[in-house]
Amino acid sequence: MAEGSWIRRMFEDGVVLKQRYGAENVFDLSLGNPVMEPPAEFARELKRLVEHPLPGMHRYMENAGYTETRAAVAAQLSLETGIKLTMNDIVMTCGAAGALNVVLKTILNQGDEVILFAPYFVEYRNYIDNHGGVARVLPTDEQFMPKLDALETAIGTETKAVIINSPNNPTGAVYSKGLIHKLGELLHKKEAQYGTEIFLISDEPYRKIVYDGLKYPSPLHHHPRSVIVTSHSKDLALPGERIGYLAVHPECSQREELVNGLIFCNRTLGYVNAPALMQHVVRHLQQVTVSVTEYQQKRDFLYDHLVGLGYSVVKPRGAFYMFPRSPLEDDVAFVRELQRWKVLTVPGRGFGAPGYFRISYCVDDGTLEGSLAGFRKAAQKFNLS
Ligand SMILES: Cc1ncc(COP(=O)(O)O)c(C=O)c1O
């Protein structure tokens with residue numbers, strides 16, 4: 001708990017600061033809670049359901065989710081990837097977090113290793129731990145891309161899965177097709193060497209939030225034992241509604257047994273099924289996304305100002321986070337310094353990467369603009385430019 005609670009701690013510090021100085025005087029860039037409201041189509045579908053309810057629409061259902069919703073998700077994924085998926089490859093889940101737990105529960109035996117790349121979404125370690133796995137954390141390069149030579153050395157007979165997260169929380173990095181291809185090749189090589197099967201778990205709740213005209217390359221093209229875990233928490237701005245899904249590569253070995261395991265674990269972990277109402281709604285919203293242009297404008301605004309002030313930042317290509325280098329070696333001390341100027345961020349050590357800090361810019365423009373004074377004061381204090 002002590003190691004994993006930096007985001008929460010910053011959130012709680014923020015509550016105190018807001019009480020003391022007034023919420024409008026505190027610039028909270030600590031949480032990945034989208035400020036945008038869901039797209040208008042969401043309210044339209046919800047209203048339609050309320051006005052024309054479907055018979056039994058609040059009852060229990062198949063644990064995998066409604067067939068119509070799974071079919072709609074499969075159709076959209078097929079369209080995006082060019083790989084033919086059917087509803088039998090899809091399980092609806094309680095967010096990406098639920099999907100991750102379901103996958104790990106299904107595939108892990110006690111002591112199996114799961115490889116992560118730092119910086120990582122902090123909950124991965126807890127989820128792996130939930131299901132008896134062992135997290136093995138590997139470094140990324142200066143652009144936050146996985147180092148494949150380190151991966152080659154790290155994979156052993158105990159390796160059951162590799163988790164990738166692109167677009168990335170906390171860095172905003174988006175992996176290239178070339179990188180994912182090489183990653184797939186490496187997994188094949190290692191599977192052949194050890195006679196094992198290694199899953200590539202692609203955690204992609206930010207898949208649709210990519211900038212600069214980039215196209216998201218799907219790992220489905222590069223490894224047959226890929227499992228996609230995702231949600232509509234970010235692309236439809238519905239994190240509180242807990243609606244997501246997982247998708248298994250149609251050519252995955254023992255696919256049927258794996259999918260049956262996933263459905264079983266969705267039930268036995270106590271999720272039972274993904275929320276019914278949301279499944280009815282998102283079925284019709286598979287082609288809808290929040291305004292990516294708006295996020296890109298926020299990215300540009302913040303990135304340009306921070307670089308202008310002398311901060312060292314890798315330009316994010318997706319998601320809505322930035323991960324600048326901390327001007328102080330001690331990232332917690334720097335985050336505390338920003339707090340003095342009422343700017344809330346999260347120390348990099350909370351993501352397995354001390355020496356950095358995370359900014360979440362899915363906030364309104366006033367908060368972003370207001371935070372600049374604090375970033376400027378801190379930059380002056382530490383002679384950044
Ligand atoms: C990388 C990553 N994975 C998973 C999740 C969990 O998403 P959900 O809220 O859909 O469970 C998050 C949430 O912030 C995330 O950033």
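Towards the positive end of the charge dipole of the chain, with charges on Cβ (+1 Lys, Arg; -1 Asp, Glu), say which of Leu246, Asn126, Gly184 has the farthest Cα.
The one lying farthest along the dipole's positive direction is Asn126.
So if R0 is 41 Å, what FRET efficiency would Lys377 and Met1 give, r being the distance between their Cβ atoms, rounded to the nearest 0.05? Provide the component values of the computation, followed by the final result.
Working: r = 33 Å, r/R0 = 0.80.
Taking R0 as 41 Å, the efficiency between Lys377 and Met1 is 0.80.
Measure nothing but the geometry: give the 0 to 90° angle between the long axis through the Cα atoms of 365-381 and the longest principal axis through the Cα atoms of the chain, rounded to 10°.
50 degrees
Quick one: go through the stretch 198-221 and flag any residue whose amide nitrogen is under 13 Å from the point 7 Å out along the Cα-to-Cβ line of Gln76.
Counting only backbone N, you get 205-209.
Just to confirm the filter: which chymotrypsin sites (Phe, Trp or Tyr not before Pro) across the stretch 55-132 are DSSP coil and have at most 10 other Cβ within 10 angstrom of their Cβ? Mind showing how you got there, number by number?
Details: sites: Tyr60, Tyr66, Phe117, Tyr120, Phe121, Tyr124, Tyr127; in loops: Tyr60, Tyr66, Tyr120, Phe121.
Answer in residue order: Tyr60.
Do the alpha carbons of any pairs in Lys234/Lys377; Lys315/Lys377; Lys160/Lys182; Lys215/Lys342 sit beyond 29 Å of each other, and which pairs? Spell out each step's value before the answer.
Details: Lys234/Lys377 32 Å; Lys315/Lys377 22 Å; Lys160/Lys182 18 Å; Lys215/Lys342 37 Å.
Checking Cα-Cα distances, Lys234/Lys377; Lys215/Lys342 exceed 29 Å.
Residues of the stretch 307-339 with the amide nitrogen closer than 12 Å to a label point 7 Å from the Cα of Asp212, along Cα-to-Cβ, please.
Residues 314-318 fall inside that zone.
About its Cα centre, how strong a charge dipole does the chain have in debye, to the nearest 20, once Lys and Arg get +1 and Asp and Glu get -1 at the Cβ? Display every interim value, and only then the final one.
Working: 41 positive and 43 negative charges, 82 e Å.
Value, rounded to 20: 400 debye.
For the stretch 196-302, what's the relative contact order in percent, using C-alpha pairs closer than 8 Å and at least 6 residues apart? Working shown, then result.
Values: 112 pairs, mean separation 26.1, N = 107.
Across the stretch 196-302, relative contact order equals 24 percent.
Percent relative contact order of the chain, based on C-alpha pairs within less than 8 angstrom and at least six residues apart?
Relative contact order comes out at 24 percent.
With angles folded into 0 to 90 degrees, how steeply does helix 67-81 sit against the dominant principal axis of the chain? Use alpha carbons for both and round to 10.
Compared with the principal axis, the helix lies near 60 degrees.
Please calculate how many Å² of accessible area the chain carries per residue, with a 1.4 Å probe and no DNA, RNA or ligand atoms counted. Walk me through the numbers on the way to the answer.
Numbers: 16170 Å² over 385 residues.
Each residue of the chain exposes 42 Å² on average to a 1.4 Å probe.
What number, in percent, do you get for the relative contact order of the stretch 66-173 if the mean sequence gap of Cα pairs under 8 Å and at least 6 apart is divided by its residue count? It would help to have the intermediate numbers written out before the result.
Values: 131 pairs, mean separation 25.2, N = 108.
Relative contact order here is 23 percent.
Out of the total accessible area of the chain (probe 1.4 Å, heavy atoms of protein only), what percent is carbon and sulfur?
Values: 8140 of 16170 Å².
Result for the chain: 50 percent of the exposed heavy-atom area is carbon or sulfur.
What distance in nm separates the two pseudo spin-label positions at Tyr194 and Lys315, each 7 Å out from Cα along the beta-carbon direction?
Once both label points are built, they end up 3.8 nm from each other.
Multiplying the sequence separation of Asp129 and Arg340 by 0.36 nm and subtracting their Cα-Cα distance, what value in nm do you get?
72.4 nm
Starting from the Cα coordinates of the stretch 1-94, work out the convex hull volume and express it per residue in Å³.
Numbers: hull volume 20.7 nm³, N = 94.
Output value, Cα hull per residue: 221 Å³.
Please list, ordered by chain and number, the residues whose modelled amide H lies under 5 Å from the amide H of Ile209; skip anything fewer than 5 residues away on the same chain.
The list, which skips near neighbours in sequence, is Ala319.
Of the listed peptides 100-108, 172-180, 289-297, what is their order by residue-averaged count of other C-beta atoms within 10 Å, with the highest listed first? Don't jump to the answer; show the numbers that get you there.
On the way: 100-108: 24.6, 172-180: 20.1, 289-297: 16.0.
The peptides rank, most packed first, as 100-108, 172-180, 289-297.
Given a Förster radius of 35 Å and the C-beta distance between Ala154 and Glu369 as r, what FRET efficiency does 1/(1 + (r/R0)^6) yield to the nearest 0.05? Display every interim value, and only then the final one.
Values: r = 43 Å, r/R0 = 1.23.
Taking R0 as 35 Å, the efficiency between Ala154 and Glu369 is 0.20.
The values are calculated or read from the model by the stated rules, or taken from the named source; none is laboratory data. Everything numeric here is computed off the predicted structure, so don't read it as measured data. Note that each Cβ is placed from the backbone with ideal geometry, even for glycine, and that neighbours are counted across all protein chains shown. Keep in mind that these areas ignore ligands, DNA and RNA; they rest on the heavy atoms of the full protein, side chains included. Shrake-Rupley method; radii C 1.70, N 1.55, O 1.52, S 1.80 Å.
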